[in-house]
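Every number here is computed from the coordinates shown, using simple stated rules; none is lab data. Note that the coordinates shown come from a computational prediction; the quantities given were computed from them, not determined experimentally. In this analysis, Cβ positions are derived from the backbone assuming ideal geometry, glycine residues included, and neighbour counts consider all displayed protein chains.
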Amino acid sequence: MHIGKIKKLVRDRGFGFIDDTDGREIFFHQSSLIDVKFDGLNEDQKVEFEVEKSPKGPRAINIRVIPEAQ
């Protein structure tokens, strides 16, 4: 699993980008979210995810929000 933060959300189109800890910017689609709705995401939110290859480059899948420490 990879760890990163939500960099940008394009709410009207249902996708966004994650800054990976490896320094990559990775595309994701709202259909790849697990246990969270797209409207519930915020920029700078910490997430864990897997990466798959797509025709347009790497894509994040199986995305889960990492709860912040209380």
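Within segment 28-52, if we keep just the residues that are crowded, with 18+ Cβ neighbours inside 10 Å and aliphatic (A, V, I, L, M), the residue that is farthest from R64 (Cα to Cα) turns out to be V51.
If you take the residues in segment 24-56 that are part of a strand (DSSP E or B) and under 17 Å from R13 (Cβ atoms), which one is farthest from the chain's Cα centre (by Cα)? So that I can check it myself, show each step before the final result.
So the first thing to find is which residues in segment 24-56 are part of a strand (DSSP E or B), and the list is 25-29, 33, 46-54.
With the extra rule that they be under 17 Å from R13 (Cβ atoms), the set shrinks to 25-29, 33, 54.
Details: E25: 10, I26: 8, F27: 7, F28: 5, H29: 8, L33: 8, S54: 15 Å.
The selected residue is S54.
All conditions but one from (1) touching a residue at least 24 places away in the same chain (Cβ under 8 Å); (2) surrounded by 11 or more Cβ atoms within 10 Å (Cβ to Cβ); (3) hydrophobic (A, V, I, L, M, F, W, C) apply to M1; the one that does not is (2). A residue that is touching a residue at least 12 places away in the same chain (Cβ under 8 Å), buried (at least 17 other Cβ atoms within 10 Å of the Cβ) and of a type in the set (S, T, N, Q) occurs nowhere in segment 20-27.
Note on segment 18-67: residues that are on the phi > 0 side of the Ramachandran plot and acidic (D, E) total 2. Within segment 50-63, residues that are free of Cβ contacts under 8 Å to residues at least 24 places away in the same chain reach partners that are assigned to a strand (DSSP E or B) with beta carbons closer than 7 Å, at six or more positions or on different chains, in the pairs E52/R59; E52/I61.
For segment 9-18, a residue qualifies if it is over 8 Å from the mean Cα position of the chain (by Cα) and either hydrophobic (A, V, I, L, M, F, W, C) or farther than 13 Å from D39 by Cα (or both), and the qualifying residues are L9, V10, F15.
Is it the case that segment 14-22 has a residue that's out of contact with any strand residue (DSSP E or B) (no Cβ under 8 Å at 6 or more places or on another chain) and over 19 Å from P67 (Cβ atoms)?
First, pick out the residues of segment 14-22 that are out of contact with any strand residue (DSSP E or B) (no Cβ under 8 Å at 6 or more places or on another chain): none.
Within segment 14-22 (the criterion being out of contact with any strand residue (DSSP E or B) (no Cβ under 8 Å at 6 or more places or on another chain) and over 19 Å from P67 (Cβ atoms)), the answer is no, since none of the residues qualifies.
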